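The values are calculated or read from the model by the stated rules, or taken from the named source; none is laboratory data. Please read these numbers as outputs of a predicted model, since none were measured by experiment. Here the Cβ is made from the backbone with ideal geometry for all residues, glycine too, and neighbour counts use every protein chain on show. In case anyone asks, the SASA skips ligands and DNA or RNA and just uses the protein heavy atoms, side chains included. Shrake-Rupley method; radii C 1.70, N 1.55, O 1.52, S 1.80 Å.
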Amino acid sequence: MKKTGISKPQEIEQLIKKNRSLVEIGKALSAEKNLDAVLEMVVDKAREFTNADAGSIYILTPDEKTLQFKIIHTDSLNWRMGGTSGNPITLPDIPIIREDGHPNLMNVCSYVAYTGKAVNIPDVYFAENFNFANTKIIDAANNYRSKSMLVLPMRNHENDIIGVLSLINAMEKGKIVPFSKDVEEITEALASQAAIALTNSILIHDLEELLESFIRSIAHGMGIKSPHTGNHIRRVEELTMQIARTINSENSGKFSNTYFNEDEMKELRIAAWMHDIGKITTPEFIFNKATKLQTIFDRIKLLETRFNLIKEIKKNEHSGQKYDLIKRGKKEEVPALEKNFEKQINELEDEINFLNEVNIGKEYLAEEKIDRIKSISRKKYILDGQEFPYLEKNEVENLIINKGTLTQKEKQMMDNHANVSYEMLHELPFPKKMNKIPIYASGHHEKLDGSGYPLGLKAEQLPLQTRILAIADIFDALTAHDRPYKEGKTLSESMSILEKMVLSNFLDKDIFEIFRTNKLYLLFAEKELKKEQIDME
Ligand SMILES: [Fe+2]
Ligand SMILES: [Fe+2]
């Protein structure tokens with residue numbers, strides 16, 4: 001160990017102190033997950049360790065060809081740039097490999113990054129192996145004198161160099177002194193601890209990014225399968241986050257003490273992206289069933305063809321009957337026959353027009369219309385000596401759907417998406433700070449009075465986040481104008497339905513109030529709805 005002029009017991013005491021703080025720094029570093037804050041802490045602590053006036057961190061780009069400036073601190077110039085300071089770094093990145101393909105060994109930082117060797121220079125203005133021309137220019141511009149310099153590689157747990165820590169001007173009693181050898185060793189240990197913390201932080205960050213991107217890509221896949229479902233997911237996410245942000249900004253009232261922090265906002269956002277994940281298993285024809293008779297095509301076309309066939313059969317029958325009357329000399333009966341035939345054809349045309357009308361899913365189908373469909377279905381026609389009904393059993397079943405375009409069975413299959421969402425999400429081992437996603441996402445069809453699905457949860461089992469999602473989901477479902485089976489409702493209709501659902505104790509009244517009084521509906525409408533839907537302010 002190099003003599004520093006300090007007596008031995010003092011020297012040992014100082015080293016023990018430094019070792020202790022190294023352990024403390026290690027703990028602090030591994031607890032910090034914010035990348036910028038980790039880097040900042042490294043520079044602060046390294047400067048504290050070495051009593052250096054200035055310190056910088058450079059991180060290797062993923063292609064390992066460039067060093068990027070991340071943090072610059074210089075006490076005497078009052079400089080804090082990069083990291084969480086909010087002051088951008090304007091200095092250019094340093095190439096490790098020159099344009100001619102050779103390593104950039106004249107720059108001390110790229111030398112350290114390339115060779116992995118620490119460099120300790122007493123006075124950079126007299127250094128022989130490196131080019132400090134730029135340093136001199138920057139010094140001159142800021143009335144500064146860079147003198148002693150310690151540049152260390154930052155190696156992670158796999159011994160890979162991930163960055164470079166540079167310290168300038170070790171201070172002792174107000175004077176610049178060289179960095180001592182013992183300080184060099186211990187600071188190198190600190191730099192490596194930092195590199196490990198940094199690598200962990202990057203890994204966690206990358207995993208979170210991966211998770212979020214993966215979820216977005218599932219939602220994107222859903223959008224390809226069913227564009228209106230993809231759009232619904234996007235809008236529900238936007239609306240959910242808008243409501244959450246508004247709650248965060250409330251200073252009075254019910255939500256004055258409610259604040260979703262960054263992690264909770266992220267958790268809620270992912271829950272919104274995943275809320276209809278179960279629809280991945282819903283058959284496409286149910287998603288996109290635009291009319292009651294639609295399967296892979298709209299079977300109303302089949303009915304039109306059938307009714308045309310019946311018409312032709314009736315025409316043939318009529319011609320035969322007419323010919324028979326004339327042949328039997330009963331010409332006077334022909335006008336009555338013609339009249340009856342005309343009536344039958346009109347009736348047929350009327351019926352197919354009526355079937356076309358009831359094939360469109362509406363809010364409600366009147367009892368007399370259901371009776372008429374059933375009475376048409378009881379009619380028969382004969383083809384090749386065989387009797388057939390005007391309407392098949394399944395066609396009747398679909399045409400008498402009271403609301404929308406889905407049969408009871410199809411509706412159950414559609415509603416089952418909430419069950420599937422629940423099962424799929426509960427299978428996933430979410431990290432601790434995101435482990436509420438399954439509860440938030442799969443509960444958007446639950447109602448406060450316990451009458452919802454899939455689990456029939458009651459108010460006390462439904463967290464605020466689930467309640468926000470439920471309102472966002474229903475509001476979008478009501479106003480959506482891109483669904484093949486229905487028109488988008490107007491803003492006033494949708495708000496009054498939401499209000500009724502609040503009064504029926506289905507939806508949360510306080511969230512609805514936030515939504516109403518802050519006019520979040522209008523903000524949403526101006527972006528997403530058709531002009532003619534916006535009928536209130
Ligand atoms: Fe849903
Ligand atoms: Fe939904």
For segment 407-424, which positions are open to solvent by less than 40 Å² (accessible area, probe 1.4 Å) and either on the phi > 0 side of the Ramachandran plot or more than 29 Å from the chain's Cα centre (by Cα) (or both)? T407
Tell me, which residue of segment 18-51 that is touching a Ser or Thr at 6+ places or on another chain (Cβ under 7 Å) and of a type in the set (G, A, S) is surrounded by the fewest Cβ atoms within 10 Å (Cβ to Cβ)? A37
Can you say whether K458 is within 16 Å of ligand 2 (Cβ to nearest atom), without any contact (Cβ under 8 Å) to a residue 24 or more places away in the chain, among the basic types (K, R) and surrounded by 14 or more Cβ atoms within 10 Å (Cβ to Cβ), as far as the supplied structure shows? no
Which of the residues spanning segment 327-380 are surrounded by 13 or more Cβ atoms within 10 Å (Cβ to Cβ) and not in a helix (DSSP H, G or I)? N359, I360, G361, K362, L365, K379
Name the single residue that is nearest to ligand 2 (Cβ to nearest atom) among those in segment 252-304 being over 16 Å from the mean Cα position of the chain (by Cα) and among the aromatic types (F, W, Y). F287
Going through segment 77-121 one residue at a time, which ones are open to solvent by 80 Å² or more (accessible area, probe 1.4 Å) and in a loop (DSSP other than H, G, I, E, B)? N78, T84, P88, T90, P92, R98, E99, D100, H102, M106, K117
Please go through segment 430-449 and pick out each residue that is away from ligand 1 (no atom under 16 Å from the Cβ) and out of contact with any Leu (no Cβ under 7 Å at 6 or more places or on another chain). F430, P431, K432, K433, M434, N435, K436, D449
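When you look at E64, is it touching a helix residue (DSSP H, G or I) at 6+ places or on another chain (Cβ under 9 Å) and open to solvent by 60 Å² or more (accessible area, probe 1.4 Å), yes or no?
Judged against the criteria, E64 is a match.
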Which pairs turn up if I take residues in segment 418-440 that are over 11 Å from D263 (Cα atoms) and look for partners that are open to solvent by 20 Å² or more (accessible area, probe 1.4 Å) and not in a helix (DSSP H, G or I) with beta carbon separation below 6 Å, at least 6 apart in sequence or on another chain? A418/H445; A418/Y453; A418/P454; N419/P454; Y422/P454; I437/F430
Contacts under 7 angstrom Cβ, first residue in segment 513-537 being within 15 Å of K489 (Cα to Cα), partner at pLDDT 95 or above and of a type in the set (G, A, S), 6 or more apart: Q533/A525; I534/A525; D535/S492; M536/S492
Quick one: count up the residues across segment 413-436 that are within 15 Å of ligand 2 (Cβ to nearest atom) and either closer than 17 Å to Q465 by Cα or of a type in the set (S, T, Y) (or both). 4
